[in-house]
Amino acid sequence: MARLKMGMVGGGIDSFIGDVHRKAASIDGMIDMVCGAFSSSEEKSIASAKALDVPRAYGSFEDMIRAEAKLPKDERMDFVAIVTPNYMHFPPAKMALQHGFHVICDKPVTLTLEEAIALQKIVNSTGKVFALTHNYTGYPMVKQAKAMISKGDLGDIRKINIHYLQGWLSTAIEKTGQKQAAWRVDPKKSGIGGALGDIGTHAENLVEYITGLKINELAADVTAFGEDRILDDDGNILLRYTNGAKGTMTFSQIATGEENNLGIRIYGTKGSLVWHQENPNQLVVRWLDRPMQIYTPGGNDIYPEAAKYVRIPAGHPEGYLEGFATIYSNFAKEINQINTGKSQSTSPDFPTINDGVRGMKFIYAAVESSKQNASWIKI
């Protein structure tokens, strides 16, 4: 596989998520970062590039995209990674696609549903690869769960419970200058969803990825408990799926003491499974007619769909960074496939612009439902 060249928008040296993306992109040795518009300040962008040993720095994403497009093909970036707050997803994504670059973007995909739909049209019209970093879909045991359900091992799916609980916004840290909190509670930068957009979309995407089912209707009760907060920081949702299955989702960023407690339980007619992100190397499966099984990445009984994503020997934990890396790796493989003259995959194994639009529709439906006293709303 040819090594691809990455440009980054946002993600300067003081950025949490930018550092995550850079590390994840480098894990499988398929990607080199060659340029970046790391800050709205040209001085800070240049300083970040120097600290990160990146060859080219730009003062804005517009300058970067225009300049890179003029370089010879073997020198310019192949794709753009967008690691900015939500309100700065759509402008660079649109411009990059229209200038012939592939895009990988942090979630949720855009600030508004209207932007998401517009971006979907641009992706489809340009034919470029677009990936969304719902990184939890990259865990080997999540791949195992998906494979088991798709093969019918659990029978017909009837009940799905998912929770995503954090406690980092239990106090008003946005008033102390904490940057990660400040933009997330600001509707001008985050959109109409707070915790709903930040972690609720992860839960929505994970359920739909593992089960292959779509949420058809929801009834949501979302709340802003934090003092003076406009956007939600907690929510509970009833879910109805396209096959008739029922489910619940609870998400919170004011669940005091919780760190990153993402967990899912899926119940079918033949068996059930449970997976927790804080213990990602175990997938527990309980059967109707035989003893419980615990699958691990090193086990001989895991399916090929999961085994191909295991990077290290049994008993060595893999997690957050590797989940991101799997998305970057599959994204890079898709670009290389196109570069060698092959057709783009119809069902690539990473979240796409279509998943991004689904996520935005989920946010809007949940907010509308909550405004109507948790009435049922179709997605």
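Thinking of region 4-128 as a set of Cα atoms, what percent of all their pairs are more than 27 Å apart? Pairs farther apart than 27 Å: 11 percent. Working value for region 102-152: equivalent-ellipsoid semi-axes of 27, 13, 11 Å, each the square root of 5 times a Cα gyration tensor eigenvalue, largest first. In a simple Cβ point-charge model (Lys, Arg +1; Asp, Glu -1; nothing else charged), region 4-128 has a dipole of about 240 debye relative to its Cα centre. Among TYR267, SER343, ALA37, which residue has its Cα positioned farthest towards the positive end of the charge dipole of the chain, with +1 placed on the Cβ of Lys and Arg, -1 on the Cβ of Asp and Glu, and the dipole taken about the Cα centre? It is SER343. Summing Lys, Arg as +1 and Asp, Glu as -1, what charge do residues with Cβ under 13 Å from the Cβ of TYR209 carry, TYR209 excluded? Around TYR209, the surrounding residues sum to 0. Of the GluC sites (Glu not before Pro) in region 197-263, the ones in a loop by DSSP (not H, G, I, E or B) with at most 12 other beta carbons within 10 Å are GLU227, GLU259.
Projecting label points 7 angstrom from Cα along Cα→Cβ for GLU42 and ASP14 puts them 2.1 nm apart.
Taking label positions 7 Å along the Cα-Cβ direction at both ALA118 and GLN180, the computed distance is 3.1 nm, reported to one decimal. Between THR112, THR346, THR256, the GNM of the chain built on Cα springs shorter than 10 angstrom shows THR346 fluctuating the most. For region 191-314, the Kirkwood hydrodynamic radius comes to 16.6 Å, computed from all pairs of different C-alpha atoms. A Förster distance of 22 Å, applied to the separation of the beta-carbon atoms of ASN354 and ASP153, puts the FRET efficiency at 0.25. Were the residues from GLN293 through GLN98 laid out at 0.36 nm apart, the gain over their Cα-Cα distance would be 65.3 nm.
Only the Cβ atoms of Lys and Arg (+1) and of Asp and Glu (-1) were treated as charged; on that basis the dipole of the chain about its Cα centre amounts to roughly 940 debye. Farthest towards the positive end of the charge dipole of the chain, among the residues PHE101, ALA195, GLY152, is the Cα of GLY152, using unit charges on the Cβ of Lys, Arg, Asp and Glu. Listing CYS35, CYS105 from fewest to most neighbouring C-beta atoms within 10 Å gives CYS35, CYS105. Computing FRET efficiency as 1/(1 + (r/R0)^6) for GLU259 and ILE338, where r is the C-beta to C-beta distance and R0 is 56 Å, gives about 0.90. Please report the antiparallel percentage of DSSP beta bridges with both residues in the chain, rounded to the nearest 5. Counting DSSP beta bridges with both partners in the chain, the antiparallel share is about 60 percent. Answer with a single label: of (i) 78, 47, 31; (ii) 64, 45, 40; (iii) 62, 51, 38, which was calculated as Cα extents along the principal axes in Å from the structure in view? Comparing each candidate, only (iii) matches the computed number. When the Cα positions of THR126, TYR139, ILE162 are compared along the charge dipole of region 105-200, TYR139 comes out farthest toward the positive end, with charges on each C-beta of Lys, Arg, Asp and Glu.
For LYS214 and HIS276, what does the FRET efficiency come to when R0 = 22 Å and r is the distance between their Cβ atoms, rounded to the nearest 0.05? Rounded to the nearest 0.05, the efficiency is 0.35.
The numbers here are math on the coordinates, done by the rules we state, and not lab data. Owing to the predicted nature of the structure, the values given are computational and were not obtained by experimental measurement. Methodologically, a virtual Cβ is constructed for each residue, glycine included, from the backbone with ideal geometry; neighbour enumeration extends over all protein chains shown.
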